[in-house]
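To keep things clear, I will list the structure first and then write my remarks on it.
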Amino acid sequence: MKLSETSKHKFCSEAIGLKQEIEGDYLTLGAMLKKIRDEQLWEAGWSSWDEYIMELKISLATASKIINVYKVFYIEYKIPEKKLVLTGGWSVLAEYLPMITEQSTYQEVKKFVEDASTLSRQDIRRNIIEARNGVDMTTCKHPNSFKLFCCPDCGERHKI
């Protein structure tokens, strides 16, 4: 049976809605993980935080990023949940965590969230690199570049 254009659009819209619900759940997960870690609630059934995280089947790094996204964006800077959900997820926001310092303003963090909502991950990473090194990647002439030899058979690599 062939779906009508309206049915196709509705189905696609439902998938977008589901993705946004999942992203909202990451904020809830971040809040829960922070409480479990900070208050050592894991002691009720696990020998360590690491063991608890292993049971969740996520890495310590992932747990830390989810907690930090929740803590920094939602708790410290009070960015509304709806805006955070529209960014595409905790991993997109986690890209910005190294850019946020104690001196960061609400407006700067809000701009990161806006960029995360509209830019591709590649553009986000380019912006972060440019902010760190102060070089516009679109005008760089690559004066310090080099060629790399890589053998597909043995995997040896070295500069040429």
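Bear in mind that the values in this text are calculations on the coordinates, not laboratory data. Please read all numbers here as calculations on a predicted model, not as lab measurements. Cβ sites come from the backbone with ideal geometry, for glycine too, and all protein chains shown count toward neighbours.
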Next on the checklist: Let's test the formula: R0 of 45 Å, r as the Cβ-Cβ distance of ASP50 and SER120. What FRET efficiency results, to the nearest 0.05?
Outcome noted: 0.85
Next on the checklist: Along the Cα→Cβ direction, 7 angstrom out, place labels at GLU156 and ILE16. What is the inter-label distance in nm?
Outcome noted: 5.3 nm
Next on the checklist: Could you check the spin-label model distance between THR28 and PHE149? Points 7 Å from the Cα along Cα→Cβ, value in nm.
Outcome noted: 5.7 nm
Checklist entry - Tell me, what HN-Hα J-couplings in whole Hz come from the Karplus equation 6.51 cos²θ - 1.76 cosθ + 1.60 at θ = phi - 60° for each residue of the stretch 146-160, using x for Gly and Pro? => result 8, 8, 10, 8, 9, 7, x, 7, 9, x, 4, 9, 6, 5, 9
Checklist entry - From the Cα gyration tensor of the stretch 25-119, with a ≥ b ≥ c the square roots of its eigenvalues, which class applies: rounded if a/c is under 1.5, or else prolate if a/b is larger than b/c, or else oblate? => result prolate
Item to check | Positive-end extreme of charge dipole, the stretch 1-61 - chosen from ILE58, ALA31, PHE11 (charges on Cβ) | outcome: PHE11
Checklist outcome for this item: Computed over the stretch 58-111, the relative contact order (Cα-Cα under 8 Å, seq sep at least six) in percent reads 41 percent
Item to check | Dipole magnitude of the chain, debye to nearest 20 (Cβ charges: Lys/Arg +1, Asp/Glu -1, about Cα centre) | outcome: 580 debye
Item to check | Residue order, fewest to most beta carbons within 10 Å, for LEU84, LEU18 | outcome: LEU18, LEU84
Item to check | Taking the stretch 5-135 and dividing mean pair separation by its residue count, relative contact order in percent (alpha carbons under 8 Å, at least six apart) | outcome: 24 percent
Checklist entry - Which of these values of Rg and Dmax of the Cα atoms in Å was calculated from the structure shown: [x] 15.8, 52; [y] 14.9, 46; [z] 20.8, 59? => result [z]
Item to check | Computed label-point distance, nm, for sites ILE75 and ILE129 using a 7 Å Cα→Cβ extension | outcome: 3.3 nm
Next on the checklist: Show me, for the stretch 121-136, the HN-Hα J-couplings you get by feeding each phi into the Karplus relation (A = 6.51, B = -1.76, C = 1.60, θ = phi - 60°), rounded to Hz, glycine and proline as x.
Outcome noted: 4, 4, 5, 4, 4, 4, 4, 5, 4, 4, 5, 6, 9, x, 10, 6
Checklist entry - So what J values fall out for the stretch 66-76 if you push phi through Karplus, 6.51 cos²θ - 1.76 cosθ + 1.60 with θ = phi - 60°, rounded to Hz, Gly and Pro as x? => result 4, 4, 5, 4, 4, 5, 6, 6, 8, 7, 6
Checklist entry - Can you list the residues of the stretch 16-42 with backbone N under 17 Å from a point 7 Å past the Cα of THR62, pointing along Cα to Cβ? => result 22-34
